[in-house]
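Trainee: Supplied in structure tokens, the structure appears directly below.
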Amino acid sequence: MANVVVAFAKDTDALNFKNILVRRGFNVAAVCNSGAQALSAMEDLGNGVIVCGYRLGDMICQELAEDLPSYFQMLLIASPAKLESIDLPDNVISLQTPLQTDTLISTLNMMLDGVSKKRRKARDGAKNKRSDKELETIKKAKELLMDRHHMTEPEAHHYLQKCSMDSGTGIVEAAEMIISLNSI
């Protein structure tokens, strides 16, 4: 479940938002009154969304937005006058007061989905990185196909992919098979 941090200068505002979110099934991991507390909580949690007001005990929302951890986004709740007076970065979405609960909930759900997708994409991308040795094996197999079978590089790559799918192995294993068969 994704994390939500609630940060408002006034305790009553922070608790009201926390109660609304908890009743709607959100995991409110921390309630803070200062930007320093919020940053510390976010660092401990790793990812999620911070719901905050324009001003906290020790900083304004722009300063907090500049220091947000990479897998956190900010949902800023402020008056129209405050929102017009600031320039917000891409990781900040704002809602004007007065605020309807349904708008808050749907916006927060959308943001949490985005954070989760971003985190999954980064994790999957790290898993799919090939080592230098694997890249060299693929390159060698393509070069063999290009030299011996007069294929272009895209044709050789497509052939490797097809061999991989047909044999039910990864592309590196398919490249190793082609190298071993062509070295006989």
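Trainee: Being open to solvent by 20 Å² or more (accessible area, probe 1.4 Å), closer than 19 Å to residue 114 by Cβ and among the hydrophobic types (A, V, I, L, M, F, W, C) is the filter here; which residues of the stretch 33-66 pass it?
Mentor: 45, the sole residue that qualifies.
Trainee: Among the residues of the stretch 36-62, what is the count of those that are on the phi < 0 side of the Ramachandran plot and assigned to a loop (DSSP other than H, G, I, E, B)? Give the derivation first.
Mentor: Residues of the stretch 36-62 on the phi < 0 side of the Ramachandran plot: 36-45, 47, 49-62.
Subset that is assigned to a loop (DSSP other than H, G, I, E, B): 47, 54, 56-59.
Number satisfying all stated conditions: 6.
Trainee: I would also like to ask the following. Which of the following residues is without any contact (Cβ under 8 Å) to a residue 60 or more places away in the chain, open to solvent by less than 90 Å² (accessible area, probe 1.4 Å) and either touching a strand residue (DSSP E or B) at 6+ places or on another chain (Cβ under 9 Å) or not in a helix (DSSP H, G or I) (or both): 137, 107?
Mentor: Details: 137 fails: either touching a strand residue (DSSP E or B) at 6+ places or on another chain (Cβ under 9 Å) or not in a helix (DSSP H, G or I) (or both).
Just a single option satisfies the conditions, and that option is 107.
Trainee: What are the pairs with Cβ atoms under 8 angstrom where one residue, in the stretch 147-169, is more than 15 Å from residue 137 (Cα to Cα) and the other, located anywhere, is hydroxyl-bearing (Ser, Thr, Tyr)? Sequence gap at least six, or different chains.
Mentor: As it stands, the answer is 151/159, since those pairs meet every condition given.
Trainee: Hey, another quick one. Which pairs turn up if I take residues in the stretch 44-69 that are over 15 Å from residue 5 (Cβ atoms) and look for partners that are at pLDDT 90 or above and of a type in the set (D, E, K, R) with beta carbon separation below 7 Å, at least 6 apart in sequence or on another chain?
Mentor: Matching pairs, first to second residue: 54/82.
Trainee: Just for the stretch 67-84: of the residues that are assigned to a loop (DSSP other than H, G, I, E, B) and of a type outside the set (Ser, Thr, Tyr), which one is surrounded by the most Cβ atoms within 10 Å (Cβ to Cβ)?
Mentor: Just the residues of the stretch 67-84 that are assigned to a loop (DSSP other than H, G, I, E, B), to begin with: 67-71, 79.
When the remaining residues are screened for being of a type outside the set (Ser, Thr, Tyr), the result is 67-69.
Numbers: 67: 14, 68: 17, 69: 15.
Once the filter is applied, the top-ranked residue is 68.
The values are calculated or read from the model by the stated rules, or taken from the named source; none is laboratory data. Here the structure is a predicted model, which means the values were calculated and not measured. Backbone-built Cβ (ideal geometry, glycine too); neighbour counts: all protein chains shown. Ligands, DNA and RNA are excluded from the accessible area calculation, which covers all protein heavy atoms including side chains. Shrake-Rupley method; radii C 1.70, N 1.55, O 1.52, S 1.80 Å.
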